[in-house]
Structure formats: C-alpha cells, structure tokens
Amino acid sequence: MPKRKGLIIVHTGTGKGKTTAGLGMALRATGHKFRVLMIQFIKGSLNSGEIKAASRLHPFFDIVPMGKGFIGLKNKTADPEDQKAVASAWRFAEKRIASGEFDMIILDEINYAIDYKLLLVEDILKVLARKPDSLHLVLTGRNAHPRIIELADLVTEMREIKHPFQKGIKAQKGIEF
C-alpha cells in the first residue's frame, strides 16, 4: 500500500455544510480505523448531535468543543472571553497536530477565528507547514484566508442557494445541531 500523503483541506463559503462536510470525512476516516480529532474553535459545549455520535465512535473519533458559542463582535472586537477560548483552542490544536497521534484533525470554524482576527494567519501557516506528512488537516468556516486557500490541497466552497431560515424556520435538531 502506498504511503499516505496528508492533505490540507478547506471547506468554506456562505452556504451550510462546512462542518457537516468535515464530519462526513471523519466518518469515512473512522471507517478505516483512522484516529480523528475535531477541535471546535467557536462552538461551545452544547449538546449537539455530532458530539453524541462521536462518543459512539470513540476511540477513533473525538470532538473537543472549546469555544464559547456565538461570537458577537461589538465595534469589530471580540469579547475577551472569546479571545481566550480561541487562543486556548489554538494551543491545544498545535500540540495535537505535532503529536503524531492522529490521522486527521478537523479545525472546525478556524476560518472564522482567523477572519475575526482572533488568530494570526501567519501563526496558522507556520504550523500547517510543519504538520506530520501523513496527517490530514481539515479547516472549516466562512471567509477562508487567501493564503490558507493557496496552501491547501483541496478547497471546496459551499454556496447558499436557499435556506429554511429565509422562511422563518428555526434551527432544527439533527439538521443544524
């Protein structure tokens, strides 16, 4: 069997499905007994369907929600608690990326953290450049930075065409969370 070449994969765009695409990749990878970790940069410890499902796939798949939930940007500045949470998530991610213990790491909503200036793209690029050769890294979230897109091996942009929210239908269990 040929040696695996770890890819850098980006799911971005304004449409729904970026995290879901990452979860689909995690499901496929765990089917091959890959060790997968998803680190959620924005989502907090809400009782989501993906966390419940991942617990059933342990020890092959773990999700670690490290955010505080929705980030409100007052005067284009994030709350200090959000800043601390994202910084902590990034330190955690850096260690896990370097550890060599995972086959795939999904950095869920990291593109938002970069776009909101909670993380510096230069810091992310340095870590991506020195990731283990066999590690697949998946970065999700809107507004992926052009330098991240340039470095990536695979980039998919989700584009919203229609969403139930436009009809006043609220987020539903099993669909959005």
For residues that are more than 17 Å from F61 (Cβ to Cβ) and among the small types (G, A, S), tally how many sit in the range 7-41.
3
Every residue in the range 161-176 that is without any contact (Cβ under 8 Å) to a residue 24 or more places away in the chain, more than 18 Å from G69 (Cα to Cα) and surrounded by 10 or more Cβ atoms within 10 Å (Cβ to Cβ), please.
P164, F165, I169
Condition met for A87 (in a helix (DSSP H, G or I), more than 15 Å from the chain's Cα centre (by Cα) and small (G, A, S))
no
State the number of residues belonging to the range 82-117 that are over 17 Å from A29 (Cα atoms) and without any contact (Cβ under 8 Å) to a residue 60 or more places away in the chain.
21
Could you pull out the residue among R28, R56, R4 that is within 18 Å of L154 (Cα to Cα) and free of Cβ contacts under 8 Å to residues at least 24 places away in the same chain?
R28
Subset tally (residues that are at pLDDT 95 or above and surrounded by 21 or more Cβ atoms within 10 Å (Cβ to Cβ)) for the range 49-64
2
Out of (1) of a type outside the set (D, E, K, R); (2) surrounded by 13 or more Cβ atoms within 10 Å (Cβ to Cβ); (3) at pLDDT below 95; (4) part of a loop (DSSP other than H, G, I, E, B), what's the single condition that is false for F70?
(2)
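Mind counting the residues in the range 26-44 that are surrounded by fewer than 20 Cβ atoms within 10 Å (Cβ to Cβ) and either assigned to a helix (DSSP H, G or I) or modelled with pLDDT of 95 or more (or both)? Break it down stepwise before answering.
Filtering the range 26-44 for residues surrounded by fewer than 20 Cβ atoms within 10 Å (Cβ to Cβ) gives 27-28, 30-35, 44.
With the extra rule that they be either assigned to a helix (DSSP H, G or I) or modelled with pLDDT of 95 or more (or both), the set shrinks to 27-28, 30-35.
Number of matching residues: 8.
The values are calculated or read from the model by the stated rules, or taken from the named source; none is laboratory data. The model shown is predicted, which means the values in this text are computed figures rather than measured ones. Every residue, glycine as well, gets a Cβ built from its backbone with ideal geometry; the counts of neighbours run over all protein chains shown.
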